[in-house]
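J.: Structure below; questions to follow.
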Amino acid sequence: MIVLDRVSVLRGERPALSDLSLSLDEPRVGVIGANGSGKSTFARLLNGLVRPSSGTVTVAGLDTATQGKDVRRKVGFLFQNPDNQIVYPTVGEDVAFGLKRERLGKGEIGARVGAALERCGLRGFEERLVHELSGGERQLVALAGILAMRPELLVLDEPTTLLDLRNRRRVMDTVEATARRVVLVTHDLELLPAFDRVLVFEAGRLAFDGKPAEALAFYRALVS
Ligand SMILES: Nc1ncnc2c1ncn2[C@@H]1O[C@H](COP(=O)(O)OP(=O)(O)OP(=O)(O)O)[C@@H](O)[C@H]1O
């Protein structure tokens, strides 16, 4: 599903990611590492938001550098900060935004928006003004907008940082319940034990790649 071939991303002179080759086909992949280790850069490579300085990234056979638009149809990306992706004043309009662009019928859009809001614990929020919501509620609105699109792959960049315990649980239930593949970047190590594979980044390199228990032990040893 995801293949990186000798990928480096330069930021000025410094690499944010160095010579990364990787093939990911597991349903649930976690990504951890210290601040600035390259996790968000890696996540953004997966939908073409960041392009490799060298090497190639393909998702479902599509090159993210040259087929970005098609890639973004398949990859739903949740930003760390929901304000980066909410564009409409009301919750309902915002969650419907991507579906309207896909020219779906009104009934289908309404049903998908309702189901996504329900899934995110936002039933009845359609007419609420986004700017009056709390940070955590806005994060859930952004997630609902992505779920409504039913992408093949969900890339979630620290989706739980703004959330209380109940909504954190809700996001993780959604991740567990979804039939979509998920790549989850997080500092919240408790989210990962049931994952299939966990990548640990360190200073722009993949320092460990394996099962959650070993990956978490490796990461804990690295920072202790
Ligand atoms: N647009 C940019 N311009 C310059 N430097 C950048 C840019 N984006 C990322 N970097 C640098 O690349 C490195 C990796 O950043 P990245 O955001 O991928 O880290 P991260 O692991 O997601 O960190 P955090 O846990 O703090 O979110 C950092 O040193 C960062 O300062």
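J.: Residue check, Arg169 against (1) open to solvent by less than 80 Å² (accessible area, probe 1.4 Å); (2) more than 16 Å from Val155 (Cα to Cα), all met but one. Which one?
T.: Among (1) open to solvent by less than 80 Å² (accessible area, probe 1.4 Å); (2) more than 16 Å from Val155 (Cα to Cα), Arg169 violates only (1).
J.: Quick check: anything in the range 114-136 surrounded by 16 or more Cβ atoms within 10 Å (Cβ to Cβ), acidic (Asp, Glu) and free of Cβ contacts under 8 Å to residues at least 24 places away in the same chain?
T.: no
J.: For Val155, are the conditions met, namely being modelled with pLDDT of 95 or more, within 16 Å of the ligand (Cβ to nearest atom) and touching a Gly at 6+ places or on another chain (Cβ under 8 Å)?
T.: Criteria met by Val155.
J.: Show the residue pairs that are 6+ apart or on different chains and have beta-carbon atoms under 8 Å apart, the first residue being within the range 16-41 and in contact (Cβ under 8 Å) with a residue 60 or more places away in the chain and under 14 Å from Val198 (Cβ atoms), the second being in a loop (DSSP other than H, G, I, E, B) and within 8 Å of the ligand (Cβ to nearest atom).
T.: Pairs found: Ile32/His187; Ser37/Gly204.
J.: Scan the range 166-199 for residues that are within 16 Å of the ligand (Cβ to nearest atom) and in a loop (DSSP other than H, G, I, E, B) and jot them down.
T.: Once the filter is applied, which keeps residues that are within 16 Å of the ligand (Cβ to nearest atom) and in a loop (DSSP other than H, G, I, E, B), the range 166-199 yields Thr186, His187, Asp188, Leu192.
J.: Within the range 1-13, how many residues turn out to be over 19 Å from the mean Cα position of the chain (by Cα), more than 7 Å from the ligand (Cβ to nearest atom), assigned to a strand (DSSP E or B) and surrounded by fewer than 19 Cβ atoms within 10 Å (Cβ to Cβ)?
T.: Of the residues in that region, 4 qualify.
J.: Restricting to the range 77-97, count the residues that are open to solvent by less than 10 Å² (accessible area, probe 1.4 Å) and more than 16 Å from the ligand (Cβ to nearest atom).
T.: Of the residues in the range 77-97, 3 are open to solvent by less than 10 Å² (accessible area, probe 1.4 Å) and more than 16 Å from the ligand (Cβ to nearest atom).
J.: Let me ask you something else. List the pairs whose first member sits in the range 70-81 and is at negative phi, whose second member is of a type in the set (Gly, Ala, Ser) and within 16 Å of the ligand (Cβ to nearest atom), and whose Cβ atoms are under 6 Å apart, counting only residues at least 6 apart or on separate chains?
T.: Within 6 Å, the pairs are Val71/Gly48.
J.: Taking the range 25-37 on its own, how many of its residues are within 10 Å of Val185 (Cβ to Cβ) and within 8 Å of the ligand (Cβ to nearest atom)?
T.: Number of matching residues: 1.
J.: A follow-up question, please. Can you tell me which residues in the range 200-220 are part of a helix (DSSP H, G or I) and out of contact with any Lys or Arg (no Cβ under 9 Å at 6 or more places or on another chain)?
T.: The answer is Ala213, Glu214, Leu216, Ala217, Phe218, Tyr219, Arg220.
J.: Moving to a separate point now. Give me the residue from the range 38-57 that is open to solvent by less than 10 Å² (accessible area, probe 1.4 Å) and among the aliphatic types (A, V, I, L, M) and, out of that set, nearest to the ligand (Cβ to nearest atom).
T.: Applying the filter and picking the extreme gives Ala43.
J.: Hey, another quick one. Which numbered condition trips up Gly105, out of (1) closer than 30 Å to Pro212 by Cα; (2) away from the ligand (no atom under 16 Å from the Cβ); (3) more than 17 Å from the chain's Cα centre (by Cα)?
T.: Only one criterion is unmet by Gly105, namely (1).
J.: Kindly list the number of the only condition in (1) in contact (Cβ under 8 Å) with a residue 24 or more places away in the chain; (2) within 25 Å of Val171 (Cα to Cα); (3) not in a loop (DSSP other than H, G, I, E, B) that fails for Val57.
T.: (2)
The values are calculated or read from the model by the stated rules, or taken from the named source; none is laboratory data. Since the structure is predicted, the reported quantities are computational estimates derived from the model, not experimental observations. No Cβ is skipped: glycine too gets one built from the backbone with ideal geometry, and neighbour counts run over all protein chains shown. We work out accessible area using only protein heavy atoms, side chains counted, and drop any ligands, DNA or RNA first. Shrake-Rupley method; radii C 1.70, N 1.55, O 1.52, S 1.80 Å.
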